[in-house]
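**Student:** My structure is below; once you've seen it, I'll send some questions.
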């Protein structure tokens, strides 16, 4: 039996750089505002929106629109599936790094 | 290597987000420690040795020792604990507005106030004659009827909300000390003897992990410019 390459465990939805960043930030709080996430990742509204739609469709992120005082505010939350997907992605990346070091000890 | 760079970036981002989301944990920890330390004033001889002690049950001051006034002790915890929860709620709401990141602080409020209400209900239960908590043959539960346990439950819940093992450990520490000090008489009984410490000393030891946590988190936040 052969062991599958860790790269195969990477999830295309999660592996994209910005989406991985979104999941990482959201994993550290119960909820986060759209504006705070945008500022933390240094993105434009449109760019963040586009990636959030992908994550929402994959049911990895939950989006709640409401008000903070009189101002409209969008709250984002990592779903259980999102937390699990992030955990798997990090584990796959760590596996890849370990494998790379084992095959290239001088790198 | 791409995977290695990605991991480095993920860790950096995670640390940054963690500091932003959980940088406010020092204030509730300091407030709870202050409440514990302020309760030292409820005892008649908080630090001084005395030849005889009358510890009235329930132990509304916190640990099984002589209180100045059971009513004063009762009011202290039943007003002080909600006050600390209210202060904490206001603090987290303010941080939410500034940082845009929300911590599950209602968990702390629910645990602290929930166990406090449970304590009031249990203490008011018509359980027949008052238990002789001071005898070895007494019932097993008097040690659980202390206002220190709602505080301990609140600290554990705060640790869960703030994802801090140190806070969870501080809560468990308060609970273990509270049960030990209320369950075994006289105060400070250990197998084969007893420690010659007074309620004030024990409360300082109880609050110490919270104080260290608050100081470390505050200093870390200042260094990071939080």
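Each reported figure results from applying straightforward, stated rules to the coordinates on display, with no laboratory input. Since the structure is predicted, the reported quantities are computational estimates derived from the model, not experimental observations. Cβ coordinates were reconstructed from backbone atoms using ideal geometry, including for glycine residues, and neighbour counts include every protein chain displayed.
**Student:** Please work out whether chain A counts as rounded, prolate or oblate from its C-alpha gyration tensor, where a ≥ b ≥ c are the square roots of the eigenvalues and a/c under 1.5 means rounded, while otherwise a/b larger than b/c means prolate and anything else oblate? Intermediate values should be presented prior to the final figure.
**Tutor:** On the way: a/c = 2.97, a/b = 2.36, b/c = 1.26.
In terms of gyration-tensor shape, prolate.
**Student:** On average, how many beta carbons from a partner chain sit within 10 Å of the beta carbon of a residue in A:35-42?
**Tutor:** Numbers: counts 1, 9, 3, 1, 1, 7, 2, 0.
Average per residue, whole number: 3.
**Student:** Shifting gears a bit: Could you tell me whether the protein assembly as shown comes out rounded, prolate or oblate from its Cα gyration tensor? Rule is a ≥ b ≥ c as square roots of the eigenvalues, rounded for a/c under 1.5, then prolate if a/b exceeds b/c, otherwise oblate.
**Tutor:** Values: a/c = 2.74, a/b = 2.09, b/c = 1.31.
Note, shape of the protein assembly as shown comes out prolate.
**Student:** Taking the alpha-carbon centroid of each part, what is the distance from segment B:7-52 to segment B:187-219 in angstrom?
**Tutor:** 13 Å
**Student:** Separate question: Can you bin every Cα-Cα distance in chain B into 5 Å intervals starting at zero and give me the percent of pairs per bin, rounded to whole numbers?
**Tutor:** Distribution as computed: 1, 7, 14, 17, 17, 13, 10, 7, 5, 4, 2, 1, 1, 0, 0 percent.
**Student:** Let me ask something else. In terms of the Cα gyration tensor, with a ≥ b ≥ c the square roots of its eigenvalues, is segment B:1-114 rounded because a/c is under 1.5, prolate because a/b exceeds b/c, or oblate? Can you show the working numbers first?
**Tutor:** Details: a/c = 4.10, a/b = 2.58, b/c = 1.59.
Here segment B:1-114 falls in the prolate category.
**Student:** Please compute, for peptide B:94-102, the average count of beta-carbon atoms on other protein chains lying within 10 Å of each residue's beta-carbon.
**Tutor:** On the way: counts 0, 0, 8, 4, 1, 5, 15, 11, 8.
Average neighbour count from other chains, rounded to a whole number: 6.
**Student:** Shielding by partners for A:87-97, please: the mean number of other protein chain Cβ atoms within 10 Å of each residue's Cβ.
**Tutor:** 3
**Student:** Mind ranking B:215-221, B:205-211 by how tightly packed they are, going by the mean number of other C-beta atoms within 10 angstrom, highest first?
**Tutor:** Working: B:215-221: 15.6, B:205-211: 21.1.
Descending mean neighbour count gives B:205-211, B:215-221.
**Student:** Just to be sure I understand the model, the point goes 7 Å from the Cα along the line to the Cβ. What's the resulting residue B:44 to residue B:122 distance in nm?
**Tutor:** According to this spin-label approximation, the distance is 2.7 nm.
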